[in-house]
Amino acid sequence: MKRTFQYGVNNRVSPATIELLLRERNKGKTLRQLGQRFGKSHERIRQLLAKHDRSQGTLLAESTVAAKLGYPLEWLIKLRKDGIVNPMRQGGLWLYSEEQVSQIPSLIAEERKCQQCGKPRPPGFHKFCPECCQYRKKHYYERLSPEEKAEHNKKAIAWRKANPERWNEIQSREYRKRRASHRGNSQ
Ligand SMILES: [Zn+2]
């Protein structure tokens, strides 16, 4: 009776152990290495992996996937929080199947599209790529509606009145710039 009971205890594997096992397996450990580490035969390890690794292939932790694909971790977190990818939750880790990992690049490309030109946005750019950001800053006024333009002009005139010295500085700087480029062109 006691023997059976003890055998049962030894044979039971806690979810935390399974999680650790999967993680170690994803790091590339062999069945034999895992067996030594967890004090089980490599056949028992194989059985446990077969039972718990539902992807058939390897499950990768979120940070591993990000590193492997070369994306910032936040990009994956955002996909997951937006419900675009649904990795498995196992003992404090988000685990991605090989199939999910293979889908991520196209999902990221879609998610990170520049809203103006469609090229991918690097980290830190929330709507537009760096080129479009610059262009939009430079051509800010052109994109305004007539009402917004009128409002903008009103503010600009008020600012010039309130800051006459700064306005003079800007004007003479622009004047020098234009003269310099004019001279450059005629040479
Ligand atoms: Zn762009």
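Computed from the coordinates by the stated procedures, all read-outs in this text should not be read as laboratory data. Every value quoted in this text rests on a predicted model; they were computed, and no experiment measured them. Neighbour counts are summed over all protein chains in view; Cβ atoms, including those assigned to glycine, are modelled from backbone coordinates with ideal geometry.
General remarks:
- Verdict on Tyr135 being near the ligand (Cβ under 9 Å from one of its atoms) and surrounded by 14 or more Cβ atoms within 10 Å (Cβ to Cβ): yes
- Any pair with Cβ under 6 angstrom, 6 or more apart, that starts in the stretch 87-114 at a residue that is closer than 18 Å to Leu21 by Cβ and ends at one that is among the acidic types (Asp, Glu): Gln90/Glu19; Gly91/Glu19; Trp94/Glu62
- Leu144 being more than 16 Å from the ligand (Cβ to nearest atom) and under 15 Å from Leu73 (Cα atoms): no
- Restricting attention to the stretch 87-129 and to residues that are charged (D, E, K, R) and within 13 Å of the ligand (Cβ to nearest atom), the residue that is surrounded by the fewest Cβ atoms within 10 Å (Cβ to Cβ) turns out to be Lys127.
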